[in-house]
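Written out below as structure tokens is the structure these notes cover.
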Amino acid sequence: MGLDQNAYKVSQDGEREELAYWRKHNRLQGWMEERYTDKGGKEQFNCVDLELDEDDILDLEVAIDDKELPETGGFFFGNDSYTYYDDEYGDKETDRQFIKDAKAALDDGWKIVYSCWW
């Protein structure tokens, strides 16, 4: 068990294509949970879709580039995801690729959705 995270592009007819997958990237989870709450989310942020617009993606890009994703803990979340963030096996490249792919998908008219399960 643990924190599994996915990002999808979603067409207008509901077709989903995965853009990114993370495992126990708890700082990204913390950032997404804060965004979920800021957008009015009231449920526990687990198995809930969070739609991300262009401003969200740009804000996330700044947080990634400036290494400002919030420290986030949880029983299923693992060690601090910044411990190995800059290693070849870390999440930084996945994060950057997600930003690139999400921007392109938004430009092509897709919605972007983040979802987690823990």
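Coordinate-derived values only; no laboratory data. All figures in this text were calculated on a predicted structure; none of them were measured in a lab. Heads up, the Cβs are rebuilt from the backbone with ideal geometry, glycines too, and the neighbour counts pull from every protein chain shown.
Taking label points 7 Å from Cα along the Cα-to-Cβ direction, Gln44 and Gln97 give a separation of 3.2 nm. Pairs over the 23 Å Cα-Cα cut-off, from the set Lys39/Lys92; Lys42/Lys67; Lys67/Lys111; Lys42/Lys92; Lys39/Lys103: Lys39/Lys92; Lys42/Lys67; Lys67/Lys111; Lys42/Lys92. When the chymotrypsin sites (Phe, Trp or Tyr not before Pro) in the range 1-85 are filtered for DSSP coil states and for at most 12 other beta-carbon atoms within 10 Å of their beta-carbon, the remaining sites are Phe75.
For the range 13-53, rounded, prolate or oblate, judged on the Cα gyration tensor with a ≥ b ≥ c (square roots of eigenvalues), a/c < 1.5 rounded, else prolate if a/b > b/c? The shape class here is oblate.
Looking at the chain, the pairs of alpha carbons with a distance over 19 Å make up 43% of the total. Note on Trp117 and Asp59: the model spin-label points, each 7 Å out from Cα along the C-beta direction, lie 2.7 nm apart. Remark: spin-label model distance Glu51-Asn6 equals 1.9 nm, labels positioned 7 Å along the Cα→Cβ axis.
Computed from backbone phi with θ = phi - 60° and the Karplus coefficients 6.51, -1.76 and 1.60, the 3J(HN,Hα) list for the range 36-44 is 4, 5, 4, 8, x, x, 10, 6, 4 Hz; x is used for glycine and proline.
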